[in-house]
Amino acid sequence: MDTTTYTAKLTDGPLEGRTITTEFLEGGDPRPRLEIPGAGKHYLYVRGSGLEFDGDGTQRPTAVEYRYLEAVFA
C-alpha cells in the first residue's frame, strides 16, 4: 500500500457510504477535515473516531471514518 494515502470513509450525510482516497498531512496524521466539491457547493466532513489498520505493524491507518458537518454553497 502507498504510505502517503489512505481511504476516507464517509459515514453519513449526502455522501454516506462513499469512500475517497486522500493524502496524509505532512507530519503523517490523517486530515482533520475534508472539503469535497459538489455542484455549486462543497461538503465539509470531519474526522471521526473510527480507524482501520492493515495489520502489518505500521503506525498509519489504512482507512479513517469521517462524519458530515455541513454543505457550503458557492
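If I filter region 30-52 down to residues being modelled with pLDDT of 95 or more and not in a strand (DSSP E or B), which single residue comes out as least open to solvent (accessible area, probe 1.4 Å)?
Step by step, filter region 30-52, then rank; the result is 30.
State whether the residues of region 59-67 include one that is farther than 17 Å from residue 10 by Cβ, assigned to a loop (DSSP other than H, G, I, E, B), open to solvent by 30 Å² or more (accessible area, probe 1.4 Å) and touching a Ser or Thr at 6+ places or on another chain (Cβ under 7 Å).
yes
Provide a single number: the residues in region 38-69 that are over 26 Å from residue 3 (Cβ atoms) and under 15 Å from the mean Cα position of the chain (by Cα).
5
State all residues of region 1-11 that are among the β-branched types (Val, Ile, Thr) and either under 12 Å from residue 67 (Cα atoms) or open to solvent by 30 Å² or more (accessible area, probe 1.4 Å) (or both); if no residue qualifies, say none.
Scanning region 1-11 gives 3, 4, 7, 11.
Filter region 12-28 down to the residues that are modelled with pLDDT of 95 or more, open to solvent by 50 Å² or more (accessible area, probe 1.4 Å) and in a loop (DSSP other than H, G, I, E, B) and list them by number.
Correct list: 16, 17, 18, 25.
The values are calculated or read from the model by the stated rules, or taken from the named source; none is laboratory data. Since we're looking at a predicted model, the values are computed, not measured. Ideal geometry is used to build each Cβ from the backbone, glycine not excepted, and the neighbour counts take in all protein chains shown. The accessibility values were calculated without ligands, DNA or RNA, using every heavy atom of the protein model including side chains. Shrake-Rupley method; radii C 1.70, N 1.55, O 1.52, S 1.80 Å.
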